[in-house]
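> Just dropping this structure here.
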Amino acid sequence: MNNIIVYLEIEDGIVGDVSLELLTKGRQLANQQKCKLEAVAAGYQLDTIGTQVFHYGVDTLYLADDKRLYPYTTLPHTSLLVNLFKEEKPQIALMGATSIGRDLGPRVSSALFSGLTADCTSLEIGSYEDKKAGKVYSDLLYQIRPAFGGNIVATIVNPDCRPQMATVREGVMKKELCDPAYKGKTKKLNLSDYVPDEDFVIEVIERHIEKSKLNLKNSHIIITGGYGVGSADNFKLLYDLANVLGGEVGASRAAVDAGFAEHERQIGQTGVTVRPKLYIACGVSGQIQHIAGMQESAMIISINSDPHAPINAIADYVITGTVEDVIPKMIKYYKKNSK
Amino acid sequence: MSFNIVVLAKQVPDTRNVGKDAMKADGTVNRSALAAIYNPEDLNALEQALRLKSKIGDATVQVLTMGPARAAEIIRESMYRGADGGFLLSGREFAGSDTLATSYALAAAIRKMGKVDLILSGRQAIDGDTAQVGPQVAEKLGFPQITYAEEIIDLDKDSITVRRRLERGVEIVRGPLPILVTVNGSAAPCRPRHAKLTLKYKNAKTISEQQTSSSDYTDTYHTYIIPEWGAGDIEHEPQWLGLSGSPTKVKQIENVVFTAKESKQLTAVDADIEELMKELIANHTIG
């Protein structure tokens, strides 16, 4: 009772990184709150889930194994969580801020009337004083998230409703094994006790999920293009540089919105958070929502024709010039000097 | 029988363009410098609604928005883009609503609108980026939902087929009506339909806008009146509206200010770039 529950995202029988990252965070929070860490897996053929998650410090794994639960559809997964939460009364429930978590989370929170905070960048435990009501709450979950295009950071609490729900994007939290020998219990759930048949109303006719080709969050070198790159064609220069240096190409939200790069490459608060050794920002103006997703990079180079671009303030090197001019020279002088 | 589509739309500050001009010297946002705009993905949703209307013929598109008096602009804009009408849900009872209290109020307003076959909304609003209100409204109404829609492929009298754009893929799903669908920014953009409509609805007003209008010559007979609903017009229990209906509380707000580093300034001349690349190789950042 009053434990911490993580909803596991499972694709082809594999638990997603975002869920493992949440288990890592959930374990820390559970230690602080002196409660158990639990996980719920809903899908089909889930025999190996236990071996995938127990060593992250999972004490209880709830399994709902049924052919109809995969691929994910909203209503059955919602009913499962709503009814399980009513039984178990977790204090905190975490899920990934993914296509699935952001479809499921609000639905569950609405059904339970419990507050949900989307896209948290940090989760902490602390107290809260409701001055109006003269009440002090201790051991609440601080759900810390950017708002207003990233220009402010808000700390949100849910004083009275349980569970306290939060979603977190992939790559924001670190993934760390707790103990390779950690062993939890598995509890199989009888699906019909939780999910009515009427919930299976959405028919998935076709489905193409690509394995992520991209590994932005683990790249040591990232070359990011902003709106200032000017065109999808100019973006090719960034790929050339990335190939030569052995890096990956990222993009700002403006560049993605303009169609210069795929959404998967977006870096920032509404994209991926990265911490590479070298970050080269090309034609990126540096809106706060972007900077928040890359400011922990060890070294930052900004290439921008505007010497007053906001991103220059946090760059180690500022090159005032155009992408078309600077990048070919970088490639040329890298090749010349690296041998 | 007519097919009734409701589009949920929100007026938002244009947070995408928080450029240098909108930043104050202390690094905080000058909110008054941001324009109030039609939430971009809600326009994608409106476009899908208008396409369905022209395909089906016998369909109505009504837009519902919740916000302050000036959010009537959303209804005006929707109408000259081709919507049949709209409703403004407004009042101090709604102040301080988080996503749950907002969805409670919107769901109550939709119930008042009568038979609804399809609700469309943008995936998320750019001021909060939560993507919660759509699914929460669906839950309150007991409707199924399809999120991340990129295109409505097919619609018949009892089902809808939708292509969804997910983070790492595409899905085609079919669901029963009535249903709520949230539309992705990758869906078709919304273009205004007719210049005539633009002219006709430029003067559409809510009653309260008319009363405060500076013009004494407003001709009510030739002006479209935008219905304005307050809390009293929708069936509700007061504890679920506004602040009391909001389980989440804001404990603290901090402005984000990044500490500037001392940067080395270079130009695009060959000597500068070569020097930089040598340095990066020497300190093992690259190579």
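The values are calculated or read from the model by the stated rules, or taken from the named source; none is laboratory data. For clarity, every value in this text was computed on a predicted model and none was experimentally measured. Cβ placement follows ideal geometry from the backbone for every residue including glycine, while neighbour counts extend to all protein chains displayed.
> What do you reckon, is A:LYS211 surrounded by 13 or more Cβ atoms within 10 Å (Cβ to Cβ), of a type in the set (D, E, K, R) and not in a strand (DSSP E or B)? Walk me through it before giving the result.
Values: surrounded by 13 or more Cβ atoms within 10 Å (Cβ to Cβ): no; of a type in the set (D, E, K, R): yes; not in a strand (DSSP E or B): yes.
Here the answer is no, as A:LYS211 does not meet what is asked.
> Does A:VAL18 count as closer than 23 Å to A:HIS208 by Cβ, buried (at least 17 other Cβ atoms within 10 Å of the Cβ) and in contact with a Gly (Cβ under 7 Å, 6 or more places away or on another chain)? Don't jump to the end; show me each part of the working.
Details: closer than 23 Å to A:HIS208 by Cβ: yes; buried (at least 17 other Cβ atoms within 10 Å of the Cβ): yes; in contact with a Gly (Cβ under 7 Å, 6 or more places away or on another chain): yes.
In short, yes.
> Could you check B:GLN252 against (1) loosely packed, with under 15 Cβ neighbours inside 10 Å; (2) modelled with pLDDT of 90 or more and say which number it fails?
(2)
> Does the range B:273-287 hold any residues that are within 7 Å of another protein chain (Cβ to nearest Cβ) and among the acidic types (Asp, Glu), and which are they?
B:GLU274
> To continue, here is another question. Tell me, yes or no, whether the range A:93-110 has at least one residue that is more than 8 Å from every other protein chain (Cβ to nearest Cβ) and more than 23 Å from the chain's Cα centre (by Cα).
Taking every residue of the range A:93-110 in turn, none turns out to be more than 8 Å from every other protein chain (Cβ to nearest Cβ) and more than 23 Å from the chain's Cα centre (by Cα).
> Here is a further query. When A:THR121 is evaluated against the numbered criteria (1) touching a helix residue (DSSP H, G or I) at 6+ places or on another chain (Cβ under 7 Å); (2) more than 8 Å from chain B (Cβ to nearest Cβ), which criterion, by number, is the only one it fails?
Failing condition for A:THR121: (1).
> Filter the range A:224-259 down to residues that are away from chain B (no Cβ under 11 Å) and not in a loop (DSSP other than H, G, I, E, B), then give me how many there are.
Qualifying residue count, the range A:224-259: 20.
> Which of the numbered conditions does A:SER297 fail, given that it passes all the others? Conditions: (1) in contact (Cβ under 8 Å) with a residue 60 or more places away in the chain; (2) facing chain B (nearest Cβ under 7 Å).
(2)
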